Amino acid sequence: MTWLTEEDPVMVTFRESADEFGENAPSFLLKETGSMRLESLDLQWPGNATTEQKRRVLRSMAAATAKGLKPCQITWHRRKTRIAADALVEFMASVDEDIWWLGHVALVFGPVDRPEMIWLPGCDGTFLHIAASETDGILEAVQEISLEIGWTTEAQ
């Protein structure tokens, strides 16, 4: 049996109630997407995760779970909402920048007014909040890429 130490990289996943994401989503996002009843999942990045590792996880999750869904980035800046089409690359470029962790950016997969999946960074870059019509495939993708990177995945 192998025991984890504090230095071991652990990706922690939390399942939330179906209403949790909608109750905690920022108003600029709810204004564009409307009310939503999607499954909710939170990922907590390992403390020593690099920007490139985070981007690799995001690319892998998108490839595995967002097939055929166009991602749009919704950004709140200076009291205005901006929507950028086909924005996965732009979203990943914002990882670990101020916009990433301030809760002013979201990635919406599918039609903005009827999203299939939403990614919302939060809490000083430590978390990625995910709302999706189904989260089991997301968990599988996270576990797979975590193993490739050398992280342990822990469900809470």
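The values are calculated or read from the model by the stated rules, or taken from the named source; none is laboratory data. Please read these numbers as outputs of a predicted model, since none were measured by experiment. Methodologically, a virtual Cβ is constructed for each residue, glycine included, from the backbone with ideal geometry; neighbour enumeration extends over all protein chains shown. Each accessible area value is taken on the protein alone, full model and side chains, heavy atoms only, with ligands, DNA and RNA left out. Shrake-Rupley method; radii C 1.70, N 1.55, O 1.52, S 1.80 Å.
Scanning the stretch 63-109 for residues that are on the phi > 0 side of the Ramachandran plot and of a type in the set (Lys, Arg) returns Arg78, Arg79. Out of the residues in the stretch 130-147 meeting the condition of being touching a helix residue (DSSP H, G or I) at 6+ places or on another chain (Cβ under 8 Å) and not β-branched (Val, Ile, Thr), tell me which one is nearest to Thr50 (Cα to Cα). Only one residue tops the list, namely Ser146. For the stretch 28-67, the set of residues classified as among the β-branched types (Val, Ile, Thr) and touching a Ser or Thr at 6+ places or on another chain (Cβ under 8 Å) consists of Val57 only.
For the stretch 55-84, what are the residues that are under 13 Å from the mean Cα position of the chain (by Cα) and in contact (Cβ under 8 Å) with a residue 60 or more places away in the chain? Selection gives Arg56, Val57, Leu58, Ser60, Met61, Thr65. Within the stretch 113-134, the set of residues being open to solvent by less than 30 Å² (accessible area, probe 1.4 Å) and either part of a strand (DSSP E or B) or at pLDDT 90 or above (or both) comprises Pro115, Met117, Ile118, Trp119, Leu120, Pro121, Gly122, Leu128, Ile130, Ala131, Ala132. On inspection, Leu29 fails the criterion of being in contact (Cβ under 8 Å) with a residue 12 or more places away in the chain, within 26 Å of Leu147 (Cβ to Cβ), in contact with a Phe, Trp or Tyr (Cβ under 9 Å, 6 or more places away or on another chain) and among the aliphatic types (A, V, I, L, M).
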